[in-house]
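Written out below as structure tokens is the structure these notes cover.
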Amino acid sequence: GFVPGLFGTSHGALQFMAYEDLKERYNKYRNRVSDSKLNTVEYIMMAAVSKIFAVVATYPYQVVRARLQDQHNTYSGVFDVIRRTWR
């Protein structure tokens, strides 16, 4: 589970990337400068949407990692975990 665990660092990067992209697109839609500050409601919405994106994108790897770290099951590798989980 160590190698899949390394992919966990991508969660924060994906969230930050999505947040910045959403903020830029929203400010463009509102005809504001791309780095304009958001109000509280806008900030919460952008943060929530970017978090949902990051979770959806990284959740499958978290399942694989957890199953590889499970001491009660024996898997022959990542593809075995994916195949058995899919079934």
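The values are calculated or read from the model by the stated rules, or taken from the named source; none is laboratory data. Bear in mind that the values here come from a model prediction, so they are computed numbers and not experimental data. Don't worry about glycine lacking a Cβ; one is built from the backbone with ideal geometry, like all the others, and counts go over all protein chains shown. What goes into the accessible areas is simple: the full protein's heavy atoms, side chains included, and nothing from ligands, DNA or RNA. Shrake-Rupley method; radii C 1.70, N 1.55, O 1.52, S 1.80 Å.
Can you give me the % of accessible surface on the chain that is carbon or sulfur? Probe 1.4 Å, all protein chains present, nothing else counted. It would help to have the intermediate numbers written out before the result.
Numbers: 4210 of 6810 Å².
Roughly 62 percent, rounded to a whole number.
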With Cα atoms, 0 to 90° folded angle of helix 10-29 axis to the chain main axis = 20 degrees
message = Between residue 34 and residue 10, what's the calculated FRET efficiency when r is the beta-carbon distance and R0 is 30 Å? Round to 0.05.
response = 0.75
task = Calculate the radius of gyration of the Cα atoms of the chain to one decimal place, then report Dmax, the largest Cα-Cα distance, as a whole number, both in Å.
result = 17.9, 56
ask   = Against the longest principal axis of the chain, how steep is helix 40-69, in degrees 0 to 90 to the nearest 10, with axes from Cα atoms?
value = 10 degrees
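Once the Cβ-Cβ distance between residue 49 and residue 74 is put in as r, and R0 is 35 Å, what FRET efficiency do you end up with, to the nearest 0.05?
Details: r = 39 Å, r/R0 = 1.13.
Plugging the Cβ-Cβ distance into 1/(1 + (r/R0)^6) gives 0.35.
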